Amino acid sequence: GLELSHCVGANSLGPAVSWRPGGPCKMKRVRTVFKPEQLERLEQEFLKQQYMVGTERVDLAATLHLTETQVKVWFQNRRIKWRKQSMEQKAAKLSQFGVIQPATTDSTDIKDHEEDTVDVEL
């Protein structure tokens, strides 16, 4: 589930800053750990469709005892993984035929994928 750990100060390596009353306090989110059954169902749904929206997402979240945001973020991250795997497979096929792919991604590819890049759930 979604949990928050203790308050951390400006230096995240140190202890919580309790000597600054009213000072900034950032809550660090603990990473969601999905159960194997949840992951299996999420993967099944992803195979059917790469985008889960509206009532489908709400229903899936309720069925899996997750929040709608957790399902949304899982799908966003899964699409990124899927695109990366697709690009790697394409590069492997091209290398079989002696076509050399550039080592870096050009800026248009990065812009296309920025909308799905999500590291933090709120």
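The values are calculated or read from the model by the stated rules, or taken from the named source; none is laboratory data. In this text, all values refer to a predicted model and were calculated from it rather than measured experimentally. When we count neighbours, we look across all protein chains shown, and the Cβ atoms used for this are built from the backbone with ideal geometry, even at glycine. For the accessible areas, the whole protein counts, side chains as well, though only heavy atoms, and no ligand, DNA or RNA atoms are used. Shrake-Rupley method; radii C 1.70, N 1.55, O 1.52, S 1.80 Å.
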Which of the following residues is among the aromatic types (Phe, Trp, Tyr), modelled with pLDDT of 70 or more and open to solvent by 100 Å² or more (accessible area, probe 1.4 Å): PHE97, PHE34, PHE75? PHE97
Scanning segment 57-95 for residues that are touching an Asp or Glu at 6+ places or on another chain (Cβ under 7 Å) and closer than 17 Å to GLU40 by Cβ gives LEU60, ALA61, GLN70
Among what's in segment 41-62 and is over 18 Å from ARG83 (Cβ atoms) and exposed (fewer than 12 other Cβ atoms within 10 Å of the Cβ), pick the residue that is farthest from the chain's Cα centre (by Cα). THR55
